[in-house]
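Just below is one structure, and these are the notes that go with it.
The values are calculated or read from the model by the stated rules, or taken from the named source; none is laboratory data. From a predicted model like this one, the values you see are computed outputs, not experimental measurements. Every residue, glycine among them, receives a Cβ derived from its backbone with ideal geometry; neighbour counts consider all protein chains shown. In case anyone asks, the SASA skips ligands and DNA or RNA and just uses the protein heavy atoms, side chains included. Shrake-Rupley method; radii C 1.70, N 1.55, O 1.52, S 1.80 Å.
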Amino acid sequence: MAQTLLEIDNLGIRFGNAIAVDGLSLKIERGERFALVGESGSGKTATAKAILQLIPEASTSGAIRLQDRNLLALSQKEIAKVRGSKIAMIFQDPMSALNPLFPVGKQIAESILLHEGCSRKEARERAIGLLARTGVPEPELKVDSYPHQLSGGQCQRAMIAMAIACKPDLLIADEPTTALDVRTRGRIVQMLLDLQVQEAAAGRDMAILLITHDLQLVRRFADRVGVMEKGLLVETQETESLYRAPAHPYTRRLLNSMPPRLVEPIGHDARILLEAKALRVDYARPATSWRQWLKPLRHSALLGIDVVLRAGETVGIVGESGSGKSTLAQSLLGLVGTAGGDIRFDGKRLAPRDWHRIRPRLQAVFQNPFGALSPRHTVRSIVSEGLRLHSPALDLHQVQQRVASALSDVGIPLEGLDAFPHEFSGGQRQRIAIARVLVLRPQVLILDEPTSALDVSVQAQVLRLLVELQRKYGLSYLLVTHDLAVIRAVAHRVYVMKEGRVLEAGPTLELIEHPRQPYTQELVNASL
């Protein structure tokens, strides 16, 4: 018979006069996997943080009971004993959540020392064991590594090791896979499932509360789902029942937000705009001994890549973290000084002195709309900056006209010209980032994970916008992403990269439906 572990009763959360969560009530049973889904601003993360009193700037009402103990009524000293030992949390961005000044092993051991009082040697051995349990390779070495020395997936595994160190009753996972590639995402999800099974075998029914906007992940992972909209819990159902027959209109909208295929064919005679032949990038590895100072080791990020992008075409570049996708994009933008090989734009080979000349025609939209826009500048200043640099002959009236036209193209009202980036949502910020490059009237856009930081419904809106702009202006896109759903929606062709090489390439639907390489097959299966 199910036993309630955590009960949230009429929870209210306010930030000043703004209501973040309004009257939320739900129960989580022992050993259950419960997912809380919704778009940014729906109140998911605020709810999770309120459980551990991690939002002191907010005022809360109602009750959150862990085995009949109201967590909201505990003092800071009392709630500190609950954090880590009874309830642990995995945060969204491990690079921000981990302390950059300490090795990951020391950070894992700290929780063990705090709650269990063992010796430092025992805590270190436990940390090594936890890293091994969460699948970190060479845990005896990685225990002394700093966060910046680990990959994103390894940092997330170290965060999970820290969270389960004291065998909590409830594990809260706040967007644990958002910044990870599809293979690493699948491994992290499977690891959480395996950890729960291992805990159950040891007689501990650990429950998991998953905070996410990834609906595919929810279907694979959760027993039950709660859907939040604008601070309200609008629906709670068992997972398969919710996907089969969603009751609330908002839930139906979320489930239907995956973009359809939006691609229109291009002509066979479309000219080649951007081409790379035998592109190679080598980096020097950091020296760890005097011998390496004398003869530095090299790391090859790209090993002879050939890429072709035609006018009006969208080419997708997919692969896991470390495959060389971003290095390829940076090389094609002229941002890697050590690149070797041949890069041609509109038929002309590019020398180092040519990059400034062609820069207005070859632009980039980056992954994080929250970090890509300067918080100190208004929208007017951000969008017009490129014109001031590349088109100094334009007068003020012409600049204002071009800025207004670009903002109109991306659906940003002119009333927001003098607003700052923090006054806009994530989707609106990405539209502003697109307007910033569109104002230069480019021919090619390098899109580096342009939708990975956005909710699924906002992703669909941004993808539709990109396709509309492509139709209107004949733009060509090189789309770097790990999301095969995005590739399926907008790409004509796709290149699959691994360890600096192109494993296979071809028309998008043909490659996704009939992958030849085992690696590609694994990518496709992990994205389903």
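Quick look at the numbers
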item	result
MRE, 222 nm, helices only [DSSP H, n ≥ 4, -39500 (n - 2.57), over the chain, to nearest 500]	-11000 deg cm²/dmol
Relative contact order computed over the chain (Cα-Cα under 8 Å; 6+ residues apart), in percent	15 percent
For the range 373-502: rounded, prolate or oblate by the Cα gyration tensor [a/c cutoff 1.5]	prolate
Nearest 10 degrees, 0 to 90: helix 396-410 Cα axis against the chain principal axis	50 degrees
Net charge, Leu438 excluded, C-beta distance under 14 Å - Lys, Arg +1, Asp, Glu -1	+4
FRET efficiency for Phe420 and Lys167, using Cβ-Cβ distance with R0 set to 41 Å, rounded to 0.05	0.35
Packing rank of 195-203, 52-60, where each peptide gets the mean count of other beta carbons within 10 Å, highest leading	52-60, 195-203
Solvent-accessible heavy-atom area per residue, rounded to whole Å², over the range 1-91 at 1.4 Å	47 Å²
Most to least packed among 157-163, 86-92 [average Cβ atoms within 10 Å]	157-163, 86-92
Among (1) 63; (2) 58; (3) 50, the entry that matches percent of Cα pairs over 29 Å apart as calculated here	(2)
18 Å Cα-Cα reach of Lys142 towards aspartates and glutamates, excluding residues that sit fewer than 8 places from it in its own chain	Glu110, Glu122, Glu125
Estimated FRET transfer efficiency when R0 is 25 angstrom, pair Ser119-Leu193 (beta carbons, to 0.05)	0.15
Under 14 Å, Cβ to Cβ, from Arg120 - net charge with Lys/Arg +1 and Asp/Glu -1	-1
Karplus 3J(HN,Hα) series, Hz, for the range 443-451 with 6.51 cos²θ - 1.76 cosθ + 1.60 (x for Gly, Pro)	9, 10, 10, 8, 9, 9, 6, x, 10
Under the Karplus curve 6.51 cos²θ - 1.76 cosθ + 1.60, θ = phi - 60°, whole-Hz ³J(HN,Hα) for the range 309-316, x wherever Gly or Pro sits	10, 9, 4, x, 9, 10, 10, x
Convex hull volume of the range 69-153 per residue (C-alpha atoms, cubic angstrom)	115 Å³
Partner lysines for Lys77 [C-alpha distance under 29 Å; skip if fewer than 8 residues away on the same chain]	Lys27, Lys44, Lys49, Lys86, Lys106, Lys121, Lys167
Förster radius 60 Å - calculated FRET efficiency between Asp395 and Ala247 (Cβ-Cβ, nearest 0.05)	0.55
The range 352-416 shape via C-alpha gyration tensor axes, a/c threshold 1.5	oblate
HN-Hα J in Hz across the range 517-522 - Karplus 6.51, -1.76, 1.60, θ = phi - 60°, x for Gly and Pro	7, x, 5, 5, 4, 5
Charge sum, other residues only, whose C-beta stays under 14 Å from Glu275's C-beta, Lys/Arg counted +1 and Asp/Glu -1	+3
The chain, accessible surface, carbon-and-sulfur percent (1.4 angstrom probe)	51 percent
Cα→Cβ-extended label distance, 7 Å offset, between Arg516 and Ser59, nm	6.6 nm
Relative packing of 123-136, 501-514, which averages over residues the other C-beta atoms within 10 Å, highest first	123-136, 501-514
Convex hull volume of the range 1-116 per residue (C-alpha atoms, cubic angstrom)	140 Å³
Qualifying lysines (Cα of each under 20 Å from Cα of Lys498; at least 8 residues distant if same chain)	Lys277, Lys325
The range 231-286 - accessible surface per residue (Å², probe 1.4 Å)	60 Å²
Cα-based shape type of the range 113-223, given that a ≥ b ≥ c are square roots of the gyration tensor eigenvalues and the cut on a/c is 1.5	oblate
Antiparallel bridge percentage (DSSP; both residues within the chain; nearest 5)	55 percent
